[in-house]
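**Student:** For reference, the structure I am asking about is given below.
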Amino acid sequence: MRWYWIDRYIEFHSGRSAKAIKNISLAEEHLHDHFPGYPVMPASLIVEGMAQTGGLLVCEYGQFRLKVVLAKITRAVFHCPALAGDTLTYSATIESIRDDGAMVTTTSHKGQTLQAEAEMFFAHLDGGHQDKTLIEPRDFLRMMRLLKAYEIGRAADGSRLKEPPGLQDF
Amino acid sequence: MPTKEEVFQKVQNALVEALGVDEEEVTPEATLVGDLGAESIDFLDIVFRLEKAFDIKIPRGELFPEDVLTNSTYVEDGRVTEAGLAELRKRMPFANLDEFAKNPNVQDFANLLTVADMCRFVESKVNVTA
């Protein structure tokens, strides 16, 4: 099993913003217990989905060569529950990005309704962590392909988003 | 050009948002780590907010020169050397290092910075009116 909490990207603007959708299904096992008789998508997994939407955006900006970790969630507000059958649209916007990290604001919408919002930080690991492998760049590439990022994505200059040179061979 | 009071208010606001503390807790004397509970990742958060609030650029290591503390030239047996203290004074003219210099344990350094130090740091980056 892979830890995917988004189904596909519907927008991907390199270095700026992205949107992804998450379809919530009763087939997801975690909904059976959360809660019995009232299946609600756990807030933590919505945060994870928003973080994946923004995290891959940050990783792509660094051409998947920097080690990016979700370091902090400064604020998260949930306005209403997300239930089986709902489609959530996660939006992520890079507010600031530099060599040591990125600040990203995210939202989750059910249709036009704001369902949740969060502000989060991604750190670029360096120093003693630089030798550690978190996720292989090729696995990022597979994930991006699976989520259709290169089918709908745009580079900073508005041209079609391309896979990073040197990683296509995998 | 902001006044000193405006600088303090914006710094206070940045710390309230970044650290989830109450406004009353953010006094000039409060230390960022000891009193306000800042952790290492919070410094990046604070730096981003200060850059946005004051439209300034804060290069890595300028507010918190962690590279000095990991440099073996400046640290011996967990203590900052005289050369290290001189380097810190040069890099952090906005902070009062006198107390720290009496017993310069590296692990105590994180608790050095106060809200007032941070205001002085920002004031050095923007033109402040009297």
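The values are calculated or read from the model by the stated rules, or taken from the named source; none is laboratory data. Bear in mind the structure is a predicted one, so any value in this text is a computation, not a measurement. Don't worry about glycine lacking a Cβ; one is built from the backbone with ideal geometry, like all the others, and counts go over all protein chains shown. Each accessible area value is taken on the protein alone, full model and side chains, heavy atoms only, with ligands, DNA and RNA left out. Shrake-Rupley method; radii C 1.70, N 1.55, O 1.52, S 1.80 Å.
**Student:** Counting only Cα, what are the radius of gyration and maximum Cα-Cα distance Dmax of the protein assembly as shown, in Å?
**Tutor:** 22.1, 67
**Student:** Working from Cα positions, state the angle (0 to 90°, nearest 10) between the long axis of helix A:43-61 and the longest principal axis of chain A.
**Tutor:** 20 degrees
**Student:** Then there is this: Could you run the Karplus curve 6.51 cos²θ - 1.76 cosθ + 1.60 with θ = phi - 60° over segment B:6-23 and give me ³J(HN,Hα) per residue in whole Hz, x for Gly and Pro?
**Tutor:** For segment B:6-23, the Karplus curve yields 5, 4, 4, 4, 5, 5, 4, 4, 4, 6, 4, 6, 6, 10, x, 9, 7, 4 Hz.
**Student:** Suppose we compare each residue of segment B:42-70 in its chain alone and in the full protein complex with a 1.4 Å probe; which ones drop by at least 30 Å² of accessible area?
**Tutor:** Buried on complex formation: B:Leu44, B:Asp45, B:Phe48, B:Arg49, B:Lys52, B:Arg60.
**Student:** A further question follows. Along each principal axis of its Cα atoms, how long is chain B end to end? Whole angstroms, biggest number first, please.
**Tutor:** Over chain B, Cα extents along the principal axes are 41, 28, 23 Å.
**Student:** Per residue of A:117-123, what is the mean number of Cβ atoms on other protein chains within 10 angstrom of that residue's Cβ?
**Tutor:** Values: counts 0, 0, 3, 1, 6, 2, 3.
Taking all residues of A:117-123 together, the mean is 2.
**Student:** Assuming R0 = 25 Å, what is the FRET efficiency of B:Asn96 and B:Glu66, from their Cβ-Cβ distance, to the nearest 0.05?
**Tutor:** On the way: r = 19 Å, r/R0 = 0.75.
Calculated transfer efficiency: 0.85.
**Student:** For chain A, what's the radius of gyration and Dmax over Cα atoms, in angstrom?
**Tutor:** So, for chain A, Rg and Dmax equal 16.1, 49 Å respectively.
**Student:** Roughly speaking, what is the centre-to-centre gap between segment B:39-53 and segment A:71-106 when only Cα atoms are used, to the nearest Å?
**Tutor:** Going from one Cα centre to the other spans 18 Å.
**Student:** Moving to a separate point now. Computed on alpha carbon atoms, what radius of gyration and Dmax characterise segment A:23-71, expressed in Å?
**Tutor:** 14.7, 44
**Student:** While we're on this one: Which lysines have a Cα less than 17 Å from the Cα of A:Lys67, not counting those fewer than 8 places away in the same chain?
**Tutor:** Those lysines meeting the cut-off are A:Lys132.
**Student:** Structure shown: which of B:Lys4/B:Lys57; A:Lys110/A:Lys148; B:Lys4/B:Lys125; A:Lys162/B:Lys52 lie over 24 Å apart, alpha-carbon to alpha-carbon? Spell out each step's value before the answer.
**Tutor:** Working: B:Lys4/B:Lys57 19 Å; A:Lys110/A:Lys148 21 Å; B:Lys4/B:Lys125 12 Å; A:Lys162/B:Lys52 31 Å.
Among B:Lys4/B:Lys57; A:Lys110/A:Lys148; B:Lys4/B:Lys125; A:Lys162/B:Lys52, the Cα-Cα distance tops 24 Å for A:Lys162/B:Lys52.
**Student:** How shielded is A:98-109 by partner chains, expressed as the average number of their Cβ atoms within 10 Å of its Cβ atoms? Present the calculation step by step, with values, prior to reporting the outcome.
**Tutor:** Numbers: counts 8, 2, 7, 6, 2, 7, 0, 0, 0, 0, 0, 0.
Per residue, the average neighbour count from other chains is 3.
**Student:** Quick check: Cα centre of segment A:2-44 to Cα centre of segment B:88-130, how many Å?
**Tutor:** Answer, in whole Å: 45.
**Student:** For the Cα atoms of chain A, what angle does the longest principal axis make with the long axis of helix A:137-146, in degrees from 0 to 90, nearest 10?
**Tutor:** With both axes taken from Cα atoms, the answer is about 50 degrees.
**Student:** May I ask you to give the solvent-accessible area per residue for the protein assembly as shown, in square angstrom, as obtained with a 1.4 angstrom probe? Numbers along the way, then the final one.
**Tutor:** Details: 15430 Å² over 300 residues.
Using a 1.4 Å probe on heavy atoms only, each residue of the protein assembly as shown averages 51 Å².
**Student:** Now a separate question. D for segment B:65-112, whole µm²/s, Stokes-Einstein with Kirkwood Rh over alpha-carbon pairs at 10 °C and 1.306 mPa s: what number? Please list the in-between numbers first.
**Tutor:** Working: Rh = 10.4 Å.
The estimated diffusion coefficient comes to 152 µm²/s.
**Student:** Related question: Starting from the residue with the highest accessible area, list A:Arg2, B:Arg49, A:Arg142, A:Arg98 in decreasing order, probe 1.4 Å.
**Tutor:** Of A:Arg2, B:Arg49, A:Arg142, A:Arg98, the descending order of accessible area is A:Arg2, A:Arg142, A:Arg98, B:Arg49.
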